[in-house]
Amino acid sequence: MTSTDAPAAIAPAPPVLAEVVRSGFTEGHHRGSLVLLAADGSVERTLGDPDAPVFPRSSNKPMQAAAILRAGLELSGERLALAAASHSGEPFHLELVAKMLAEHGLSAADLRTPPDLPLDPVAAEAYLAAGNVRERITMNCSGKHAAMLAVCVRNGWDTASYLDPAHPLQLLVGQVVAEAAGEPVAAVGTDGCGAPLMAIGLTGLARAFRSFVLAETGSAERRVADAMRAHPEYVAGTRRPDTWLMTEVPGTLSKMGAEAVQAVALADGRALAFKIDDGSVRALGPVLARALELLGVDAPVVSRIGRAPLLGGAVEVGEIRATF
């Protein structure tokens, strides 16, 4: 840099969304961006830069499931919910994934998910205690992958390359994501499960969830939303906030993603999306609970989701709490 060159502008740090308080002392912060949409779709509140593209990770799964329906696969009920899931690896999840594969002449060997343990810690302990090892079917995205493979079989598409970004299914997924978000896909990457991952802004993500709950009855988008809301235990698991929220606040569509991404739409079109910048899932509950409060959700489940105690010597000595 010469003496006449101006220093490069430094982007401001995202605002603090949550703080870590131990024994009355604030020992850390979690920064991020957030957007709240009113029932009419207008932006009600923002923090940080919710228009900057992010990888929504598994919060994109409803759009991926809608693309699978648009491609012609007939799915409904628990099967469709599982196609949009980050399941916990509980026995009922794994049993249905195996059935979905078998129904289309497929097996777990056709999956391209990385071998993994159940996502839920309780399920993982039981799985290991039974002498099992990491398997492709146990990975939390195996329901989505089973549905992707099934639609390939249905349409005569190549199953070996179903995760290629240029595959017909993945091109359709990109179209559905852009349509639902109301903005172009900013980048395409690779998700943890190996599937192509489309980047959009948090405002676009909130718009997408809103569009699913308000979609015309019978449309692919509404069918996905209805299946997820009717069978939330297949979307997540028996010990997960998405399940609690969709069960206890009727009409709500909720899906978290890795790296602390969360999107929610209420039945009347109010919606939210946020991302914790450092990817820490431990801050997700308190931030989600506060965002729901600001949207006017008054239900006991909000406090349950927001509770994030810190322990010291197996005794509660503090908490992670939202700061906005």
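Close amide H pairs (under 5 Å, H built 1.01 Å from N) link Arg136 with Asp116, residues at least 5 positions away or on another chain. Work out the length of the dipole vector of region 174-322 about its Cα centre, built from +1 on the beta-carbon of each Lys and Arg and -1 on the beta-carbon of each Asp and Glu, and round it to the nearest 20 debye. Magnitude of the dipole: close to 180 debye.
In order along region 41-57, the Karplus-derived 3J(HN,Hα) couplings, from 6.51 cos²θ - 1.76 cosθ + 1.60 at θ = phi - 60°, round to x, 6, 6, 8, 7, 9, 9, x, 10, x, 8, 5, x, 9, 8, x, 6 Hz, and Gly and Pro are given as x. Residues in region 187-257 average 31 Å² of solvent-accessible surface per residue, probe 1.4 Å, ligands and nucleic acids excluded. When shorter helices are ignored and each DSSP H run of at least 4 residues is given -39500 (n - 2.57), the per-residue value for the chain at 222 nm works out to -11000 deg cm²/dmol. Assuming charge only on the beta carbon of Lys and Arg (+1) and of Asp and Glu (-1), the dipole of region 4-133 about its Cα centre is about 120 debye to the nearest 20.
Computed log10 I(q)/I(0) for region 56-187 at 0.11, 0.15, 0.21 Å⁻¹: -0.38, -0.69, -1.23, from the Debye equation with unit scatterers placed on every C-alpha and solvent omitted.
If you average over every viewing direction, what projected area does the convex hull of the Cα atoms of region 117-244 give, in nm²?
Details: hull surface 36.9 nm².
Result: a mean projected hull area of 9.2 nm².
Near the amide H of Ala308, within less than 5 Å, lie the amide hydrogens of Ile320, all on another chain or at least 5 residues away, with H placed in the peptide plane. Lacking any other cysteine beta-carbon closer than 4.7 Å, the following Cys residues of the chain have no compatible partner: Cys152. Just the Cα atoms of the chain, one point each, no solvent: what log10 I(q)/I(0) does Debye give at q = 0.06, 0.10, 0.13 Å⁻¹? With no solvent term, the Cα-only Debye profile gives -0.21, -0.57, -0.93.
Rounded to the nearest Hz, the phi-derived 3J(HN,Hα) couplings of region 134-145 under the Karplus curve 6.51 cos²θ - 1.76 cosθ + 1.60 (θ = phi - 60°) are 4, 9, 5, 5, 7, 4, 5, 9, 5, x, 4, 5, where x marks glycine and proline. Close amide H contacts of Arg31 (hydrogens built in the peptide plane, cut-off under 5 Å, sequence separation of 5 or more or a different chain): Leu17, Asp277, Asp278.
Share of carbon and sulfur in the accessible area of the chain stands at 53%, probe radius 1.4 Å. Normalised by residue count, region 190-233 yields a Cα convex hull volume of 103 Å³ per residue.
Normalised by the number of residues in region 1-112, the average gap of Cα pairs under 8 Å and 6 or more apart makes the relative contact order 13 percent. Computed over region 1-100, the convex hull of the alpha-carbon atoms projects to a mean area of 14.3 nm².
Short version: ³J(HN,Hα) in whole Hz for each residue of region 307-323, in order, from phi by Karplus 6.51 cos²θ - 1.76 cosθ + 1.60 (θ = phi - 60°), x for Gly and Pro, what are they? Rounded to whole hertz, the list is 6, 9, x, 9, 10, x, x, 6, 10, 5, 10, x, 7, 9, 9, 5, 10.
Determine one quarter of the surface area of the Cα convex hull of region 255-324, which equals its mean projected area, and express it in nm² to one decimal. Spell out each step's value before the answer.
Numbers: hull surface 21.3 nm².
Mean shadow area of the hull around the Cα atoms is 5.3 nm².
In vacuum, with every alpha carbon of region 105-183 counted as one equal point scatterer, what does the Debye formula give for log10 I(q)/I(0) at q = 0.12, 0.22, 0.24 Å⁻¹? Two decimals, please. Debye curve over Cα of region 105-183, log10 I(q)/I(0) at q = 0.12, 0.22, 0.24 Å⁻¹: -0.45, -0.97, -1.06. Placing unit charges on the Cβ atoms of the charged side chains and taking the dipole of the chain about its Cα centre, the candidate lying farthest along the positive direction among Ala130, Met63, Ser88 is Ala130. Heavy-atom accessible area for Asp278, with the other protein chains in place and a 1.4 Å probe, reaches approximately 80 Å². A dipole drawn for the chain from +1 and -1 charges on Cβ atoms has a positive end, and of Leu169, Met246, Leu111 the residue lying farthest that way is Met246.
Over the chain, Cα pairs under 8 Å with separation of 6+ residues give a relative contact order of 24 percent.
Dipole of the chain, Cα-centred, from +1 at each Lys and Arg C-beta and -1 at each Asp and Glu C-beta, to the nearest 20 debye? Don't jump to the answer; show the numbers that get you there.
Values: 28 positive and 36 negative charges, 43 e Å.
Here the chain has a charge dipole of around 200 debye.
Does region 189-291 come out rounded, prolate or oblate, given a ≥ b ≥ c as the square roots of the eigenvalues of its C-alpha gyration tensor, rounded meaning a/c under 1.5 and, failing that, prolate meaning a/b above b/c? Judged from the Cα gyration tensor, region 189-291 comes out rounded (a/c under 1.5).
The values are calculated or read from the model by the stated rules, or taken from the named source; none is laboratory data. Worth saying up front: this structure is predicted, and the values here are computed from it rather than measured. Positions of Cβ are backbone-derived with ideal geometry, glycine not excepted, and every protein chain shown enters the neighbour counts. Heavy atoms of the whole protein, side chains included, go into the accessibility calculation; ligands, DNA and RNA do not. Shrake-Rupley method; radii C 1.70, N 1.55, O 1.52, S 1.80 Å.
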